[in-house]
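Pasting a structure here, questions to come.
The values are calculated or read from the model by the stated rules, or taken from the named source; none is laboratory data. This is a predicted model, so every value here is computed, not measured. Positions of Cβ are generated from backbone atoms using ideal geometry, with glycine treated the same way; all protein chains shown enter the neighbour counts. In case anyone asks, the SASA skips ligands and DNA or RNA and just uses the protein heavy atoms, side chains included. Shrake-Rupley method; radii C 1.70, N 1.55, O 1.52, S 1.80 Å.
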Amino acid sequence: MRRHRFPILIPTIVSCSVIWCTEGFHSVSTRLRPYSDLNNRLLHSSRYHESTGLTPLFFTNDENNNLSESQHELWNPSARKIITSLSAAGAIETGYLSFTKLFVPGGIDNICGDSMSPGGASSCGTVLNSPYANIDFGGTEIPLTLFGFAAYAAVTLLSVMPIQVRDENDSGRNESIRIAIIALTTAMATFSSFLLSLLFNVLHQSCPYCLLSALISLSMGFLVWTSGALPANRKRDGVKVGLGSFATATIASLALFLSVDEAAISAYSNNIMQGNGFSGGQIVALADDSTKKTDIPPPPITATSSERALKVGRDLKSLDAKMFGAYWCSHCYEQKQRLGKEAYMNIQYVECSKEGINSKSSLCKEKNIPGYPTWEINGILYPGDMYLDELEDIIEKELKKVDTLKL
């Protein structure tokens with residue numbers, strides 16, 4: 001099997017974040033800015049003093065009414081609460097997945113569906129059981145989610161530590177904690193970017209758990225760098241640590257990618273193909289044909305069409321419908337199985353993978369197909385795996401358009 005090239009890291013960072021705190025959106029959005037203004041600092045200090053009875057170090061001014069050197073210890077508390085909540089949510093998710101993989105027999109299949117059952121290939125299951133989902137330590141397979149749990153837990157622990165400081169030693173420790181949070185969240189955001197590119201460019205799958213974890217990591221990285229976590233007195237140190245974390249995470253990503261050998265990739269691919277309906281003999285035949293690296297057929301459709309599906313198929317034919325997909329796409333196979341082999345005979349199928357049989361990858365690029373499967377019905381693109389009722393709604397809408405034009 002051909003080894004995929006190393007995927008390019010996704011250059012953009014997801015800036016939206018899920019906010020679990022009691023403050024309203026307006027309050028949060030106004031507090032996300034670093035507290036650089038003197039009045040804002042003093043106002044926050046007085047409110048903090050009233051609510052807790054503690055006097056933070058940044059509450060005092062010098063004789064010129066300027067902020068003292070120690071007052072720069074303040075880090076935006078609203079952003080810290082959000083990061084605490086996000087990291088706690090990430091720790092719960094990765095901890096649950098790690099426990100399921102380590103201690104529950106067939107646990108991933110229980111929560112994602114059996115990726116080996118005919119017609120039941122699960123993107124979630126195939127990703128979490130892929131060769132990239134574990135790291136080999138001396139013959140012991142450690143789930144990647146366990147490392148994620150440790151990182152999320154560390155961020156949660158560091159971010160819940162109090163902002164107030166009482167002496168110079170505590171002041172230095174607070175700065176070090178903030179730099180540690182920068183290091184962890186930067187590394188997590190970088191590694192998540194790699195995992196996203198691996199997910200879409202190599203595995204060609206989607207995984208809700210993976211996407212949620214990536215969103216959390218990227219959001220924390222964005223918030224840390226934009227909410228004033230970088231200590232004013234140690235900006236150079238913070239930037240150096242951040243760059244070091246980025247480089248370390250990039251190297252770790254490369255190591256993970258290169259650690260998976262051809263045999264593991266081949267076995268993983270065979271499992272996917274079996275889950276998508278290929279028989280063992282078909283897989284062996286494809287593997288033995290060393291000269292034939294293209295013209296790979298999609299798995300056969302085994303489901304029988306219902307009367308409802310047959311009508312949908314006829315209506316789609318009348319609208320000159322096409323389905324764009326790829327032979328390896330599990331969602332495409334699920335779509336075909338949902339229609340059944342008889343109804344699907346009315347559908348024009350366009351193979352977008354270069355390795356697939358009768359490939360028309362240039363046509364897919366020309367039409368800017370966003371993903372697989374994508375339907376083209378009456379000249380309009382409808383991306384996604386559709387249920388029969390969704391297809392019926394689209395058909396009804398497009399047929400009305402046709403009738404209107406005839407008038």
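What full-extension length gain, to one decimal in nm, is calculated for residue 396 and residue 136 as 0.36 nm per residue of separation minus the Cα-Cα distance? It would help to have the intermediate numbers written out before the result.
On the way: separation 260, 0.36 × 260 = 93.60 nm, distance 5.33 nm.
Stretched out fully, the residue 396 to residue 136 stretch lengthens by 88.3 nm.
Still on this structure: Quick one: if you stick a label point 7 Å off each Cα along the C-beta vector at residue 251 and residue 310, how many nm between them?
In this crude spin-label approximation the distance works out to 6.5 nm.
Continuing with the same structure: Packing-wise, with mean Cβ within 10 Å as the measure, how do 352-361, 178-187, 152-161 rank, highest first? Can you show the working numbers first?
Details: 352-361: 16.9, 178-187: 22.5, 152-161: 19.0.
Final packing ranking: 178-187, 152-161, 352-361.
Percent relative contact order of segment 338-400, based on C-alpha pairs within less than 8 angstrom and at least six residues apart? Spell out each step's value before the answer.
Values: 43 pairs, mean separation 12.7, N = 63.
Contact order relative to length: 20 percent.
Under a straight-distance cross-link criterion of Cα-Cα below 25 Å, which lysines are reachable from residue 354, leaving out those fewer than 8 residues away in the same chain?
292, 293, 322, 336, 341, 365, 367
Using 0.36 nm per residue, how much length does the chain from residue 355 to residue 404 gain when fully extended, once their Cα-Cα distance is taken away?
On the way: separation 49, 0.36 × 49 = 17.64 nm, distance 4.13 nm.
Gain on extension, residue 355 to residue 404, equals 13.5 nm.
Got a sec to turn the phi values of segment 138-154 into Karplus ³J(HN,Hα) couplings, 6.51 cos²θ - 1.76 cosθ + 1.60 with θ = phi - 60°, whole Hz, x for Gly and Pro?
x, x, 9, 8, 9, x, 4, 5, 5, 5, x, 4, 4, 5, 4, 4, 5
I'd like the FRET efficiency for residue 239 and residue 99, computed as 1/(1 + (r/R0)^6) with the beta carbon distance as r and R0 of 51 Å, rounded to 0.05.
0.85
Express in Å², to the nearest 10, the accessible area of residue 204 obtained by rolling a 1.4 Å probe over the protein heavy atoms while all chains stay in place.
About 60 Å², rounded to the nearest 10.
For residue 380 and residue 154, calculate 0.36 nm times their separation in residues minus their Cα-Cα distance, and state this gained length in nm to one decimal. Spell out each step's value before the answer.
Details: separation 226, 0.36 × 226 = 81.36 nm, distance 4.82 nm.
Net length gain for the segment: 76.5 nm.
Separate question: Students sometimes get this wrong: rank 96, 333, 327 by accessible area, probe 1.4 Å, all chains present, largest first. Walk me through the intermediate numbers first.
Details: 96 105, 333 10, 327 40 Å².
So, going from the largest accessible area down, we get 96, 327, 333.
Would you calculate the separation in nanometres between label points at residue 295 and residue 348, each defined as 7 Å from the Cα along the Cα-to-beta-carbon direction?
About 2.4 nm, to one decimal.
Percent of alpha carbon pairs in segment 127-253 separated by more than 22 Å? Don't skip to the answer; put the middle values down first.
Values: 3278 of 8001 pairs.
Across segment 127-253, Cα pairs with separations above 22 Å total 41 percent.
If you don't mind, another one. Please give the residues of segment 367-403, grouped as numeric ranges, whose backbone N is less than 14 Å from a label point set 7 Å along the Cα-to-Cβ vector of residue 318.
378, 392-403
Let me check against my output: what whole-number percent is the relative contact order of segment 293-383, with C-alpha pairs under 8 Å and at least 6 apart? Walk me through the numbers before you get to the answer.
Values: 164 pairs, mean separation 33.9, N = 91.
It comes to 37 percent, rounded to a whole number.
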